[in-house]
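First the structure, in the form of structure tokens, and then the observations on it.
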Amino acid sequence: MRPHRDIMRTQIGLLMIFFVLVIGCQKQNPIKIDREKVVRRHNVRLGSLNILSPLSVGNGHFCYTADITGMQTFTDTYKKGIPLTTMAEWGWHSFPNPDEYKLQDTYYNVDTYGRKVPYPINTGHQGSNWLRSDPHQITPGLAGLQIRDEKGDIISYEQLNKIDQKLDLWNGTLVSHFDAGGEPVSVTTIAHPEYDQVSFKIQSELLGKRRIAIKITFPYASGLWGADPADYENDDLHETEIFNINENTFSIARKMDDKKYYCHVKTSVKCDIRNLGKHIILLEPEPLSQEFELNILFNEKSTQLSPVSFSETMKVNIKSWQNFWQTGGFLDLSASRDTRWKELERRVILSQYLTAVQSRQKYPPQETGLTCNSWYGKFHLEMHWWHSVHFALWGRPEYLEKTMDYYYNILLSAQDFAASQGYKGARWPKMTGPGGIDSPSGVGPLLIWQQPHPLYYAELIYRYKPTPETLEKYHLLIEKSAEFMADFVVWNEERECFELGPPLISAREFSGSTYADNKNPTFELAYWSWGLRMANQWKKRMGKPENKEWNHIADNMAPWPVKDGVYIEQESVPVADGGHPCQLAAFGFLPECESLDKEIMRTTLKHVMNNWDWESTWGWDYPLIAMTAARLGEPELAVEALLTDVTKNTYLPNGHNYQRDDLKIYLPGNGGLLSAVAMMCAGWEGAPESHAPGFPDSNEWVVRWEGLKPFL
């Protein structure tokens with residue numbers, strides 16, 4: 001009987017192993033998520049005008065933002081909230097520069113260990129404003145409805161009734177229904193996935209009564225700090241010319257100082273075309289039907305283009321959006337018992353949509369993407385991390401990779417800037433445009449935390465494509481970034497360590513007035529060590545000898561500053577509990593290293609959660625806190641951070657991250673949220689072997705995810 005018992009025991013053991021493996025596989029590879037169901041439950045639906053939630057359609061390099069009519073009808077009303085704009089990645093313009101201002105005009109020599117180093121920080125120079133605001137982004141044209149009542153008077157937004165507007169996220173389609181003058185109106189709005197084109201289908205009996213017309217407006221550039229890039233006043237400073245008029249098509253040539261571009265229009269029925277002003281065109285469809293299709297294509301170069309039809313645009317638009325949602329990473333929290341699941345999932349889905357519409361362009365996006373302007377439309381390279389890293393983590397590395405060519409385009413400029421300061425390598429600018437020239441500021445040119453970013457991006461891309469081609473493509477960026485980093489540090493003989501600064505300003509940005517004394521910020525010390533080690537890792541992969549100096553610097557950076565048992569922003573400045581809690585980034589952004597004391601970092605995290613001035617924070621601070629909490633094994637704090645109920649962590653009905661009255665949207669918050677959630681699901685270097693290690697391990701949270709990639 002004993003052999004029989006042994007066989008039974010063996011069979012039971014094998015059966016138990018089988019069940020463990022099955023359960024384990026189910027935990028790591030859950031049942032396929034019904035992605036369409038998840039996306040559609042977060043469709044945006046508006047029943048009234050909301051000036052803080054206009055809705056956008058776009059393709060990543062072109063974006064059209066519409067009001068409650070599905071078009072840009074009530075531009076004046078939305079100026080008080082988020083303005084109505086059309087924006088394209090090529091929409092850069094500069095005012096004339098008759099005085100030939102140059103960045104060097106704003107240089108101020110800063111004492112740097114006994115030598116004078118020029119920085120563009122003289123904001124009192126008369127050319128500073130021009131250099132700061134130029135180039136800037138424009139809105140190439142606006143298309144709205146003009147609806148009249150029976151008396152012929154133009155209808156205002158207060159006269160609209162039965163408003164029902166829905167953004168169908170799964171299909172990337174905006175459908176707007178409303179009553180105007182007692183008659184129903186329906187507008188369907190879509191963007192072409194490849195071209196800078198927006199298309200509309202308008203349905204209403206008002207068309208047959210000639211009470212609906214379309215107004216196309218071409219504004220000048222405002223060149224102001226703030227949301228609206230349009231100037232409707234200076235008509236004499238730009239030109240609008242209609243040409244190539246045929247039965248259903250015509251084109252407009254635009255000239256704005258040295259900026260030239262074209263607008264091509266195609267309609268489904270013949271229209272009467274007339275000018276309402278020098279830069280306003282009115283289209284009145286002939287009263288042949290109750291349906292009118294309008295296609296508007298913007299182009300920077302070609303005078304001979306015809307827009308794609310509405311039906312074809314709808315076909316490729318739906319295909320493109322469904323492909324977007326069906327590929328890459330995904331998340332489903334609906335089985336969770338914690339009631340916060342739905343809001344977190346809503347933020348994730350809408351952030352994916354918004355970054356797909358705004359941020360899949362060839363340039364690093366500005367803080368407000370292609371919805372409106374912030375810092376004159378310029379992008380901030382330290383924010384590029386928050387805008388684009390999530391694409392790699394969500395299985396779409398090609399969108400991060402698309403922006404990497406920009407660094408090669410400005411490499412010579414970055415090397416020249418470093419050389420002008422007496423440094424080797426390339427020093428990456430902070431606030432810049434397509435040309436890569438930094439902007440005068442009392443803060444920006446003294447930031448350094450954007451310097452290791454290209455190494456981080458390249459490493460993420462390499463982990464997707466660990467090929468010789470990837471190594472060859474990015475090794476020069478890594479080399480030149482690291483050369484500057486190694487040359488920028490200063491050896492302190494007494495302390496026997498390498499120091500950062502002065503001068504510098506940390507990622508917190510609060511201590512601009514003391515830049516000449518600032519040194520050794522916690523996060524930057526950690527990032528410098530990680531970056532130089534990573535640069536040598538790339539050398540090893542390419543079969544090249546390591547740079548011994550880089551390893552020596554990385555191993556001997558100054559210790560992270562600690563006060564009263566917590567990590568602080570940096571040495572030599574007063575400790576303050578507000579602004580970016582950037583010291584957390586030393587173990588939020590980055591893997592564990594020898595300099596880290598986990599318990600001090602844990603104490604620092606809890607100090608931030610209990611003592612911070614939340615009104616002084618920014619949208620990316622909450623994902624940063626969550627990332628640090630996840631690495632420290634504090635998942636409850638990670639979730640709490642992502643959903644902290646404070647102004648700067650507000651997510652509007654359209655999904656945008658609200659900050660303050662003059663900065664109503666902030667895409668680094670959306671991108672940061674996606675990065676943090678990916679990390680909490682898929683893990684990070686050294687993470688526990690569990691399905692979603694950054695979420696609480698309880699029945700309250702059931703996290704189903706697929707296609708996400710681990711954090712560094």
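Residue by residue through the range 49-55, which ³J(HN,Hα) values in whole Hz follow from phi under the Karplus form 6.51 cos²θ - 1.76 cosθ + 1.60 (θ = phi - 60°), with glycine and proline marked x?
With the stated coefficients, the range 49-55 comes to 5, 9, 5, 9, 9, x, 10 Hz.
Let's test this: bin the Cα-Cα distances of the range 609-696 at 10 Å from zero up to the farthest pair and state each bin's percent.
In whole percents, the pair-distance histogram is 19, 47, 27, 7, 0.
For Arg115 and Arg40 in one chain, what is 0.36 nm times their gap in residues minus the Cα-Cα distance, to one decimal in nm?
Between Arg115 and Arg40, full extension yields 21.0 nm more.
Relative contact order for the range 492-630: what is it in percent, counting Cα pairs under 8 Å that are at least 6 residues apart?
25
Counting other Cβ atoms within 10 Å, which chymotrypsin sites (Phe, Trp or Tyr not before Pro) in the range 107-163 have at most 12 and lie in a DSSP loop?
Passing both the DSSP loop test and the Cβ count: Tyr113.
Give the calculated FRET efficiency between Glu205 and Ser309 to the nearest 0.05, with a Förster radius of 25 Å applied to their Cβ-Cβ distance.
0.60
Just tell me, in residue order, which DSSP H segments of the chain are both 20 angstrom or longer along the helix axis (alpha-carbon based) and at least 0.5 in mean Kyte-Doolittle hydropathy.
Counting only whole DSSP H runs, the qualifying helices are 667-682.
Fewest Cβ neighbours within 10 Å first, please rank Thr85, Thr267 accordingly.
Thr267, Thr85
In nm, give the distance between the simple-model label positions of Lys260 and Glu291, each being 7 Å from the Cα along the Cα-to-Cβ direction.
Rounded to a tenth, the inter-label distance reads 4.0 nm.
Going by amide H atoms built from the backbone, whose H comes under 5 Å of the H on Ala230, apart from near neighbours?
Ser222
Contour minus end-to-end for Met542 and Ile154, with contour as 0.36 nm per residue of separation and end-to-end as the Cα-Cα distance?
The span from Met542 to Ile154 would gain 132.9 nm if fully extended.
So, counting K/R as plus one and D/E as minus one, what does the shell of residues with Cβ under 9 Å around Glu546 add up to?
After counting each charged neighbour, the total is +4.
With each label point set 7 Å from Cα along the Cα-Cβ vector, what nm distance links Ser616 and Asp517?
The two pseudo-label positions are separated by 1.7 nm.
Just need the Rg to Rh number for the range 120-259, please, alpha carbons only, Kirkwood Rh.
Across the range 120-259, the Cα-based Rg/Rh ratio is 1.06.
Through the Karplus equation 6.51 cos²θ - 1.76 cosθ + 1.60, θ set to phi - 60°, convert the phi angles of the range 559-576 into ³J(HN,Hα) values in whole Hz; use x for Gly and Pro.
x, 5, x, 10, 9, 6, x, 10, 5, 10, 3, 6, 6, 6, 10, x, 6, 9
Using r as the Cβ-Cβ distance of Glu300 and Ser48, and R0 as 41 Å, what FRET efficiency do you calculate, to the nearest 0.05?
Computed FRET efficiency for Glu300 and Ser48 comes out at 0.65.
From the C-alpha gyration tensor of the range 532-682, pull out the three semi-axes of the equivalent ellipsoid (sqrt of 5λ each), sorted largest to smallest, in whole Å.
In descending order, the three semi-axes are 30, 20, 15 Å.
Would you mind calculating the gained length between Trp225 and Arg463 on full extension (0.36 nm times residue separation, minus the Cα-Cα distance), in nm to one decimal?
Residue separation times 0.36 nm, minus the Cα-Cα distance, leaves 81.8 nm.
In whole percent, what relative contact order does the chain give with Cα contacts below 8 Å and a gap of six or more residues?
Normalised by residue count, the contact order of the chain is 13 percent.
Determine Rg/Rh for the range 90-165; Rg is computed over alpha-carbon atoms and Rh is the Kirkwood hydrodynamic estimate from the same atoms.
That ratio equals 1.39.
Under 8 Å for C-alpha pairs, at least 6 residues apart: give me the relative contact order for the range 336-706, rounded to a whole percent.
17
Rounded if a/c is under 1.5, else prolate if a/b is larger than b/c, else oblate: which is the range 336-706, with a ≥ b ≥ c the root eigenvalues of its Cα gyration tensor?
Taking the square roots of the gyration eigenvalues as a ≥ b ≥ c, the range 336-706 is rounded.
To the nearest 500 deg cm²/dmol, what mean residue ellipticity at 222 nm is calculated for the chain from DSSP H runs of n ≥ 4 alone, each contributing -39,500 (n - 2.57), summed and divided by the residues?
So the calculated ellipticity at 222 nm is -10000 deg cm²/dmol.
Can you give me the long-range amide H partners of Thr650? Hydrogens built in the peptide plane at 1.01 Å from N, cutoff under 5 Å, separation of 5 or more residues or another chain.
Tyr658
Once you order the gyration tensor axes a ≥ b ≥ c over the Cα atoms, which shape class does the range 224-329 get: rounded for a/c under 1.5, otherwise prolate or oblate by comparing a/b with b/c?
Since a/c reaches 1.5 but b/c is at least a/b, the shape of the range 224-329 is classed as oblate.
What FRET efficiency do you get for Lys278 and Thr249 if R0 is 25 Å and r is their Cβ-Cβ distance, rounded to the nearest 0.05?
Taking R0 as 25 Å, the efficiency between Lys278 and Thr249 is 0.65.
Using a 10 Å Cβ count of at most 14 others and DSSP loop calls, identify the longest part of the chain lacking such trypsin sites (Lys or Arg not before Pro).
The longest uninterrupted stretch comes out as 496-712.
Ignoring GluC sites (Glu not before Pro) that are buried or in helix or strand per DSSP, and keeping those with at most 10 other beta carbon atoms within 10 Å, what is the longest stretch of the chain between them?
So the longest stretch without any such site is 248-492.
Find the centroid of the Cα atoms in the range 476-504 and in the range 266-281, then give the distance between the two in whole Å.
Computed from Cα coordinates, the inter-centre distance equals 60 Å.
Counting only residues 5 or more places away or on other chains, whose amide H sits under 5 Å from the amide H of Arg211 once H atoms are built in the peptide plane?
Excluding prolines and chain starts, which carry no amide H, there are no hits.
Taking only the C-alpha atoms, wrap a convex hull around the chain and report its volume per residue in Å³ as a whole number.
190
How would you rank Ser351, Ser481, going from fewest to most other Cβ atoms within 10 Å of each one's own Cβ?
Exposure proxy ranking, most exposed first: Ser351, Ser481.
Count charges around Pro591 for me, please; just the other residues with Cβ under 9 Å from its Cβ, Lys/Arg as +1, Asp/Glu as -1.
-1
Tabulate in residue order the Karplus-calculated ³J(HN,Hα) for the range 119-132, using 6.51 cos²θ - 1.76 cosθ + 1.60 with θ = phi - 60°, rounded to whole Hz; enter x for Gly and Pro.
10, x, 10, 7, 6, x, 5, 5, x, 4, 4, 4, 5, 6
Here, each number is a calculation from the coordinates, and none is a lab measurement. A quick note: this is a predicted structure, and the numbers were derived from the prediction, not measured. Cβ atoms come from the backbone with ideal geometry, glycine included; neighbour counts cover every protein chain shown.
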